[in-house]
1. Identify the residue in segment 351-390 that is farther than 24 Å from Arg446 by Cα and surrounded by fewer than 23 Cβ atoms within 10 Å (Cβ to Cβ) and, among all such residues, is nearest to the chain's Cα centre (by Cα).
2. Given the residues Gln509, Gln529, Gln550, which is the only one that is in the same structural domain as Gly725 (by TED's automatic domain parsing), part of a strand (DSSP E or B) and at negative phi?
3. Residues Ala62, Ala36, Ala46: which one is under 30 Å from Asn179 (Cα atoms) and at pLDDT 95 or above?
4. Among (1) under 16 Å from Ala810 (Cα atoms); (2) touching an Asp or Glu at 6+ places or on another chain (Cβ under 8 Å), there is one condition Tyr861 misses while meeting the rest; what is its number?
5. If we only count strands (runs of 3 or more DSSP E) wholly inside segment 852-894, which ones have 1 or more residues that are surrounded by fewer than 18 Cβ atoms within 10 Å (Cβ to Cβ) and more than 34 Å from the chain's Cα centre (by Cα)?
6. Could we say that Ala841 is free of Cβ contacts under 8 Å to residues at least 40 places away in the same chain, among the small types (Gly, Ala, Ser) and not in a loop (DSSP other than H, G, I, E, B) here?
7. Can you name the number of the only condition in (1) modelled with pLDDT under 95; (2) assigned to a strand (DSSP E or B); (3) of a type in the set (A, V, I, L, M) that Ile447 fails?
8. Need a quick list: strands (runs of 3 or more DSSP E) entirely within segment 265-341 having at least 3 residues that are of a type in the set (A, V, I, L, M, F, W, C).
Amino acid sequence: ALAVKLWRDQSEAELLAARGDARQLRNVSIEEGREADRHPFEGIGALSAGASSRLLQDYPAAQKEVILDLLFKPQYGASLQILKVEIGADTQSTDGTEPSHMRYRGEKADCLRGYEAWLLKEAKVRNPDIRTYGLAWGVPGWIGNGTFFSKDNIFYHVSWLKCIKETLDIEIDYVGIWNERDWGAAWYVSDLAAAIKEANLTTKLVMLDAVDSQVKQDFLSKFEEDERFQELISAVGLHYPCNGNEQLSEALRRHPSTRFWASEETSTVADWGGAGCWGRMINQNYVRMNATSSIAWSLIWSVYPNLECFGNGLLYAFEPWSGHYEVMAPVWMSAHTTQFTKIGWVYLPAGQGAGNLPEGGTYVTLASADLVDFTVVLETLQGTCMYNDGCLHSIKAQKTQSLQLQLSSKLAAAARGRSLEVWATNSSHWFQRLPDMQVTEKGFLRIDVPVDAIITISTLGTATKQGNRTAAATLLEAQVPPQQPFPFPFLEDFESQPLYRAAAFFADQGGAFEVVEAPAAAADRSDPQTTRVLEQQVTTPPIGWGPATQPMTLLGDVNWTDLSVNVAARFTSPTPGLLLPFGHFTPLVPFGHAMGSNFASLGGPGVLEPSVESTTPDEVPTPRQVVLCLRASRYTFFGATGGQTEGYCVRIIQNNTSSRPAWLLTISSKIVESGYLSSEASQKVVHGGWLQLRMKAYKARISAFVEGEKVAEIVDVSYPLGQVGLGCGYHKCQFDNLEVRPVKGKPVTGLLAASRPLLKQYDPVMFHYNARSCEPSPTPTRTRTDFTGLIGLAFVPRQPTAVTALGRMALRGSQSLFAAHSVELLELDEITGLHLLAVVAVSTLDTQQAGVVTTDDGFHYALLEKQVVLQPNKTYVLASSELKDGDSFFDEGGVAAPSEGLDILGPVYADEQDGWHFEAYPNMLYGPLNALLVPATEVSDGSQPSQPSPGPDAGAAPTVRQKHSDPPAQRLPSQANAEQVFFRPAAHDAAKLALNGEAEPKWRVEVVEDKTVEEKELGEIS
């Protein structure tokens, strides 16, 4: 049960005696204050932007209705009072691009592209009084010939407002300028306001929409000095203000008709801690800064989980194919305010009706304008926000606080004789109704407020938990479909997809991919029987909030591993490559042995150059290309890859009509293989014909095919799992008949069939879905090139075992700086130190050399001339020679599982200065390295027992150092045996959590093999 007790009309001494403790009763006065000092309550809302709602529109109708009700229906769920949406511009805005309503000058506005207009309509259907708010993250490149603050942009914004009004009969209440960028100039603000008025619209302006550091003195000066300018601005919004901006706060105090809003807030994963952040900010933003509105990003997490800022939403809905969704705690944090207030109410002044609780936490009081109804929200929430060091209370609540709320005479009179409803939420019980309470004769309300909880007391009696007003209201799990993996095999010919809209399940990360009519002539179609294809629409890079990333759309299970993907692709116009502003495109860079090839001559300067320094300072050429990717592990717009898909891609490049088309195989932005197309394929490219592109991945072996011909095959372990992607340049291109199918490897024979590896599993990626970060999962294990010496692992066999080969993993896609590495096997003697047992030169490339084997797992093995027998319970070291600035190796963050009968003690390294170092960190290693083993009973007579004399590598017994860093984040299980792995959030039913005694929902994974499902609970993610 919730640790909340309601006190009736007893004396303080009687109460404390009855409780049997010495807890002090603390008085909190709630006065209505002067009417002039009260602030209008302007609503609690959420923001659909950054493509965070992309998959919601693809949900089955039944689940879509429930989700929309949970977000917008009054007295039902989150019951949001404001919906803020992105005005799309075909620009990457965090988790994808949102479509523009006007892609070129003179195009008729189509504001129904995308999903924001649809969301506005659905919100208004459920709550006609909901406030609406639009904000641009960017605009199309034609605007102002590349200038954001221009007459073109005023026309563009007003055209969107008019389109929404004319198409949906919704007049947008507020519009901003530019998300987290320059505020512009007074002329622009004035002209925009005038254009809105001239269009017979009443939309008001919200300024800045910026973080604290972006508040500029020129804006403050203009706001303070120009009364007409100030009158144009309804509100000034800051993002994640926490403590606000002192200069701005002072300016707004002097001009109270302009309100302060937290116009983007929270941006924290929706676990219990994230819910605590949001609930605390709703109160704290008013207590600290007189914020009359707080708006959460995002409305819903309805994009794939391998994109940035995972879980930033009030609820989760990213499986439209199954209909599964998760109602998260932030929904009910919102409800603690929204279900007990109305826009038009007032906040009572801070210091009188709102403030800090005596021993940590905050309280606010909201009331109807006539003070007939009121609501008090108290919170001691301790969840950490992602920003401002958590943006926590100035005093952290350490224990339950026994409070006596002394109501003003007016509020007490309004409450007297009425039952006040009490609703509470803690980590295990979400939005639970408690027994009603009454004000005492003396005008007191007495209540215990526990640590890390939120409580609402209200004269209103209309709140529900999805329509349920009982004290034990819980969500019905039976209404939520179970999770399912993405459909596999997956076939899409686009025939059933709506025209001129995005295809279901595709998530654009650059550009805009929409279904269009196929070429009129059957001979020009990829399939004479089909009439629709997927086409990239954006031909001019947008003026973005950030870099204008290359057009790319992603689809599929984030855990797809072994698969084949085939698609028909074509260029649809002969336009040469475009020139982008410097820095808008991360160029493709060859590396390893590829550095010496003729890459620069394949596609023209700038496309395949190893750097951009040979170009002019303000221009970087970007290629005409069509792209097919698999194992697109994640997409990082903010990260170092600059919008390049983190996966394996085959690219067809045509830089201009005179150069011969080429193909490239890339790993993220790195080129590993390349070549010219055949004459026949080249003619198809030049004349807009269809090319068949195919990629195949089985374990670490990646193959690329063009027109049925294998053009490249590499061994690489950089990306073990991920989605499928289709890409383009800033020109039109088309795709059709996408097929994604499973593949199986060839049977293992010979030595590999007779032996087993030292490491049976290595997890090169980490999943951290509860992180306070926008870094997307999965995170690759860090690679290093900053060490000279030996690195590896220490292990102990528990039974006699023979070593037949030593190996090193291929980390650079068959493109290494060095052709071979020395790999050593040593025995550790506690007295005499390390003794060399065997050493081999392991190739880093696929080779025909006798005695060298490359496995599908990505290891290059060199066979030993004589097998080495390892004795049980002795310590051995497997290490590889490395050079600084040479080939990369995995840092010690790597986690591995040994074969049965072996224990991994931890990472090992040796340098010239300090000798050998052992880290006591079981099942972790550097490398990774591996060895092939057979039982000692099967060793031939020529085997070598592990009893050598001290060799040149001998040394004093090394010191074993205990590692004190935090344990690694959790990994998913092995991908062996073509298992399909996918993650799922555990159930968040409050009653179930209470029964399990869990303070916070856990993540778990499922391993699906032969249609049998086994659920495994994972530990709490740090």
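The values are calculated or read from the model by the stated rules, or taken from the named source; none is laboratory data. Not measured: the values here are computed from a predicted model. For neighbour counting, all protein chains shown are included, and Cβ atoms are generated from backbone atoms with ideal geometry for every residue, glycine included.
1. Of segment 351-390, the ones farther than 24 Å from Arg446 by Cα are 369-370, 383-390.
With surrounded by fewer than 23 Cβ atoms within 10 Å (Cβ to Cβ) added as a condition, the list becomes 369-370, 384, 386-390.
Details: Ala369: 42, Asp370: 45, Thr384: 18, Met386: 13, Tyr387: 16, Asn388: 20, Asp389: 20, Gly390: 19 Å.
Out of the qualifying residues, it is Met386.
2. On the way: Gln529 fails: part of a strand (DSSP E or B); Gln550 fails: part of a strand (DSSP E or B).
After ruling out the rest, the residue left standing is Gln509.
3. Working: Ala62 fails: under 30 Å from Asn179 (Cα atoms); Ala36 fails: under 30 Å from Asn179 (Cα atoms).
The conditions single out Ala46.
4. Condition not satisfied by Tyr861: (2).
5. Details: elements: 852-854, 859-870, 875-882.
By residue number, 859-870.
6. Values: free of Cβ contacts under 8 Å to residues at least 40 places away in the same chain: yes; among the small types (Gly, Ala, Ser): yes; not in a loop (DSSP other than H, G, I, E, B): yes.
So Ala841 passes the test.
7. (1)
8. Details: elements: 293-297, 315-319, 324-327.
So the answer is 293-297, 315-319.
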